[in-house]
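Remarks on the structure that follows.
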Number of protein chains: 2
Amino acid sequence: MAPLSQSIAVLLQEPDGRPVYQQIAAGIRGAIERRELGPGERVPAIRSLATELAVNRDTVALAYEALASEGLLESAVGRGTFVRAEQLSSPGEPASLELSAQVDRLLALGDARPRYGAGQDVVALHSLIPDPSLYPVQDFRRAFNRVVARDGANLFVYGSPQGHAGLRRVLARRFGESGMDVEASDIVLCHGASQGISLALRLFAGEGDCVAVEGPTYHNVLGTLAGLGVRPAVVPMTERGPDLAALERVLARPEVRAFYTIPSFHNPMGITTDAEHRRALVEIARRAGKPVIEDAFEMDLRCSGRPMPPLAALDPSGVVVHLFSFSKSLFPGARVGAITARGRALEGLVALKHATDLSDSLPLQAAMAEFVDAGDYDRHLGRVRRALRGRHAAVTEALEEHLPPGTRFTRADGGYQIWVELPFAVDTRDLLADAARVGVLFSPGSHFLPDGGPSRCLRLAIAQPGEDEIRSGVEALGRVIRARLEARPLAGDGAGVDL
Amino acid sequence: MAPLSQSIAVLLQEPDGRPVYQQIAAGIRGAIERRELGPGERVPAIRSLATELAVNRDTVALAYEALASEGLLESAVGRGTFVRAEQLSSPGEPASLELSAQVDRLLALGDARPRYGAGQDVVALHSLIPDPSLYPVQDFRRAFNRVVARDGANLFVYGSPQGHAGLRRVLARRFGESGMDVEASDIVLCHGASQGISLALRLFAGEGDCVAVEGPTYHNVLGTLAGLGVRPAVVPMTERGPDLAALERVLARPEVRAFYTIPSFHNPMGITTDAEHRRALVEIARRAGKPVIEDAFEMDLRCSGRPMPPLAALDPSGVVVHLFSFSKSLFPGARVGAITARGRALEGLVALKHATDLSDSLPLQAAMAEFVDAGDYDRHLGRVRRALRGRHAAVTEALEEHLPPGTRFTRADGGYQIWVELPFAVDTRDLLADAARVGVLFSPGSHFLPDGGPSRCLRLAIAQPGEDEIRSGVEALGRVIRARLEARPLAGDGAGVDL
C-alpha cells in the first residue's frame, strides 16, 4: 500500500462522524498541505485507491470532486487527476505585483466557477470534449505527413495573419454549400472558435462597452467578456431562440456594441432557431447597425432534420461575423477555427490577429486542408452523426423514463447539448455533489447565466459518453432528482427560483 | 506572353517620362483596378516578368516594392507576391460597422507602417524569419509521428491552459541550466513569443495604462500596445542597454504598470547587457514594485562569448515574467513559446490564456517535447550557431568595408540583429526605395521608435541570407548610402535628425 493510501487508511480507522468521502478528502488535503503530494503530481486512480481502502469507487470519486471544487485537484480526461499547479509557492517570496483590472476580474470569476474532478468512472454528462474514441488520429497524421512531404520548410515559416490559403479555400467552398456567399479572402483562420470569440468581441467592444448575449449562454464567453472589461447585456432565451423584442431593445442601447448568438444547437439549450427567426434577427441587427457574432461551433453536427442556413447566409448587408470550429465535429487538438467577415470588420480582424499572435500554425492548417480535401473529414462526420443519432435517441428515452413527470428537455436535431428544466423549485448546483456520488456529472444551469443566479435547469452533454453510459448516467441522475423531489417541503414550490 | 505582361509591354512602348519601374507599377495597378488581377492572385515572379519585358530584375522588384507600399501587393517568403486580399469588396455593400476604439487605432497604425514586397531576388536583410533551408523539418515530422503513435487521441483533446506537461518539464530543465530556478508548474505555454507578449502585457496593463518600453524596441510590441489601448513610456537605449536612471524615473510614474525589455540580442539593436546592468535593472524594478517582461526570444542563439544569465535568473523577488520562443532558434511554424511567472502573476496568466483561446495544440507541443528530448533541437542549434558565426563575421567585414567611415554598428555575440548608425543626417526611410532598386531590403530605424520619428539608424537582420548574400547585400546598401552621402548638401549635417 502506498504511503498516501496508508495515511488515509489510518484516518478511516478513526471514525469522526463525517462521511467517509470527507475523511478521504481530509487525508489527501493533509498530504498536499504537508507537501507529501507536490503540485502537478498525480493522485492514485479512483479505482485503485478504492480497492486499497476497501471503499466504493463512488466514494473516492466524490472525495476527488470535493477537493477539485476547493481548487486542490484538477483532472485531465484520459490522464488522471493531479494536484493543481497553482498551489505552488515558488522559491523566494514572490513580489505582490499589481495585475490589470481585467485579470483581477477574471481571477475573481474563476474562483466562483465550479470545477469538475471527473475520474474515469464517472459518466461525463458535463463535458463538451468530443469522444476521443472517435478521433481519426491516423488519418490526420497521414494528412500531416503528406503536406510536410510536399511543402517542407515552406510550412514552417510564419503564416499570414489570415492563415493557410488552401484551408481558407476549402472552408469557403464548404461554407458556400451551406448558403454563405464567401471567398477564401473573407476568412481569418484562428485558434479554435474560442480564439474566434475573443477576437470577434475585441473587434467591436472594449473596456466599458456592453455586448448582448443570450441568457443562458456559453459560459466561457462570460469569462472572456470579463477578461476584456466588457459587460454582458442579457437577451432572454425562449424556446424558439433569443427573444427578438428584447434583442431590439437591447441593441438600441448605445453602449451595446454587438450581439453574440448561437443559432444552431445552442449552448447550453440545444435549440436551433428556424429560418423565419433568423431572418428577423439579422434584420433587427441591420436596422440597429450593430454586428452579430454568430457562433456556429457545431454547424457540422446536424444528425437529423433539414439543414438551416447560417445567419451569415441570410445577411446581404454584412452585419454577421461567423465563427466556425473543428473542435466539436473533429477534435479540439488541432486548434483550428475560422472567422468570416467583410469590409472593415475583416481588415480589423486581420490587424487584431496580427497584433495578438502574428499567425497560427501553418503545418496544422495545411494538414487540415488536406484532411478535408481527401474526404477524411466527411467520412468522419458520417461516423460522428451516426453515433450522435444513437446518443440523442438514448438520452431522450432515458430522460422520459427516469426523470419526474413535468420535466422538460430539448429534443435537438444535432449537437451535444440537452437542456433539462426540472418541474420543481431547486437550485441544480445543490444536486451536483449527490450526482457525483452516484457517478454522474452535469452542468448546473446557473453556470450559463450572466448573473450566476440559481436555476432549476441543467445541461447534459452527450459528447463523451456512449449510449449505454448515457442510459446509466441519466438513470443515476433521475434517482438523485427524485430523491430531492421527495425530500422537499410541500409548500413554496416554484417560487423564488426560475430559469 | 501573358496578358498582364502584354499590357505592361504596351505601356513601356509609350514612354511618358516616368522611370520604367513606375510605368510597370502603373500597369499592374491598372490591372488590379480593372479586376484583371483579383485579390489573392499571384503576380508573375520578378525573374519571369523581367525576362518578358526585357528589363532588369531590379526594376521589376522596385515596381513591386512601390505597389506593396501602396498596400496593393503583399508577398510571402518562398511563395511569391500576391494582390492583397484586403482590396476585395465583398458581394453586397458591407454595412459600416463601428469597430472598437482599439481596433481603429490598430488599423491606423498598420496604415502607417512600411510594407515590404520582397521578391525572390532581393537580399532580405529586413526579415527576422529564420532561414528555411536550415529547418529540420523531417526530424520534427518524425517526432510528431512518434508522439501521435504513442499517445494517440489523448493528444487531440483540449490541453490545460498551461499546456503539455512534458514540454513544460523539458523547458524547465533547460531554463534551469541557464540559471533560472523554475519548475514545470511555473510555465504557461503559448502561441509563440508574440502571444506571450500580448498575454504578459494584458496581465499587467489595460486601456489607459502605460507600459515602459525601450526606444528603439520591437515594432510589433508597439502594435500590440496600440491594440490594447496601452500607451508606451519610452526608456532610451544606450550602448550598454536601457538607461537605468531613465528607467527608474519612468517606473516611478504611477500609470506605468510594467517594463518590456529585451536584454539579450536586443531587437533592433543587437545589444546584450552585462550581468551588472541586469542586476541593477531587476533591483530598480523590485524597488518600484513593477514587473519586468523579459523577452528572451533569441536566448538560444548565442554563437560566441560567454552565456549571460536571464533577468529571471537574477530575480529572487519574482518581478520578472520571462518569455521564450522556438520561432527564431528553430522555426516559427510550430507556434510554440513559453511564459514563466510566479505567484499571482502565474495564476492570472493561466486565467488569461484560458479566456483567450482555452489552450494550444497539444500534438505540436508534444512533438516539440519529443524533438528536444531526442537531442534534435540541440543538434539543430549547433548547426544554426555555426551558420550564425559565419554570418556575423560576414556582415561585420562587409559593413567595415562598404559603409562610409564613421558608421557605427553592433558586433553581437549572437541573434540576428545588427543596428547601424550612419555618420550623417538622413532619415533611413528615404533610402528604402533606392536600396530595393539595387536588390536589398533593410528596416529603417524609425520603424522601431514609439513616436515613429525619423532616424539615421537602420536594422539589418541576418536571419535569412547566407554569407555571400550578406556580402553582396551590404555592398549594394553601401553604394546607396555613399551615393546619398555624396549628394547631400554640405551644411546642416547632424542637425535635426538623431537616433
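The values are calculated or read from the model by the stated rules, or taken from the named source; none is laboratory data. Since the model is a prediction, treat every value here as computed from it, not as a measurement. Neighbour counts run over all protein chains shown; Cβ positions are idealised from the backbone, glycine included. Surface areas here come from the heavy atoms of the whole protein model, side chains and all, with no ligands, DNA or RNA. Shrake-Rupley method; radii C 1.70, N 1.55, O 1.52, S 1.80 Å.
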Could you run through the range A:385-396 and say how many residues are more than 13 Å from A:Pro465 (Cα to Cα) and within 20 Å of the chain's Cα centre (by Cα)? 1
Taking the range A:137-162 and the residues there that are touching a residue at least 12 places away in the same chain (Cβ under 8 Å), more than 7 Å from chain B (Cβ to nearest Cβ) and open to solvent by 40 Å² or more (accessible area, probe 1.4 Å), the one that is farthest from B:Ser75 (Cα to Cα) would be A:Asp139
Which residue is nearest to the other protein chains (Cβ to nearest Cβ), if the candidates are limited to the range B:182-231 and must be open to solvent by 10 Å² or more (accessible area, probe 1.4 Å) and of a type in the set (D, E, K, R)? B:Glu207
Only one of A:Gly270, A:Gly227 is of a type outside the set (Phe, Trp, Tyr) and on the phi > 0 side of the Ramachandran plot, namely A:Gly270
If I go through the range A:67-83 residue by residue, how many of them are farther than 16 Å from A:Arg35 by Cα and either modelled with pLDDT under 75 or within 12 Å of chain B (Cβ to nearest Cβ) (or both)? 9
Check on B:Arg429, closer than 20 Å to B:Thr272 by Cβ, surrounded by fewer than 19 Cβ atoms within 10 Å (Cβ to Cβ) and away from chain A (no Cβ under 13 Å): no
Of the conditions (1) touching a residue at least 12 places away in the same chain (Cβ under 8 Å); (2) over 25 Å from B:Ala366 (Cα atoms), the single one that A:Pro316 does not satisfy is (1)
May I ask you to verify whether A:Gly92 is at pLDDT 75 or above and small (Gly, Ala, Ser)? no
If you take the residues in the range A:163-181 that are on the phi < 0 side of the Ramachandran plot and among the small types (Gly, Ala, Ser), which one is farthest from the other protein chains (Cβ to nearest Cβ)? A:Ser178
The residue from B:Ala193, B:Ala205 that alone is modelled with pLDDT of 95 or more and under 26 Å from B:Ser446 (Cβ atoms) is B:Ala205
Every residue in the range A:155-187 that is among the β-branched types (Val, Ile, Thr), farther than 28 Å from B:Ser329 by Cβ and not in a helix (DSSP H, G or I), please. A:Val182, A:Ile187
Report, by residue number, each residue of the range A:334-350 that is at the interface with chain B (Cβ under 8 Å from one of its Cβ atoms) and over 29 Å from B:Gln365 (Cβ atoms). A:Arg342, A:Gly343, A:Arg344, A:Ala345, A:Leu346, A:Glu347, A:Gly348
Name, by its number, the condition in (1) within 22 Å of B:Val170 (Cβ to Cβ); (2) facing another protein chain (nearest Cβ under 10 Å); (3) surrounded by fewer than 21 Cβ atoms within 10 Å (Cβ to Cβ); (4) of a type outside the set (A, V, I, L, M, F, W, C) that does not hold for B:Pro309. (2)
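A quick yes/no check of all residues on (1) open to solvent by less than 50 Å² (accessible area, probe 1.4 Å); (2) modelled with pLDDT of 75 or more:
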| site | (1), (2) |
| --- | --- |
| B:Pro3 | no, no |
| B:Ala9 | yes, no |
| B:Gln13 | no, no |
| B:Arg29 | no, yes |
| B:Glu36 | no, yes |
| B:Gly40 | yes, yes |
| B:Thr51 | no, yes |
| B:Val55 | yes, yes |
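Out of B:Phe259, B:Phe175, I need the residue that is closer than 14 Å to B:Ala296 by Cβ and not hydroxyl-bearing (Ser, Thr, Tyr). Which one?
The unique qualifying residue is B:Phe175.
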Return the only residue of A:Phe331, A:Phe265 being open to solvent by less than 10 Å² (accessible area, probe 1.4 Å), touching a residue at least 12 places away in the same chain (Cβ under 8 Å) and more than 13 Å from every other protein chain (Cβ to nearest Cβ). A:Phe265
Please indicate, with yes or no, whether at least one residue in the range B:120-132 is in a helix (DSSP H, G or I), within 7 Å of another protein chain (Cβ to nearest Cβ), modelled with pLDDT of 70 or more and over 27 Å from B:Gln22 (Cα atoms). yes
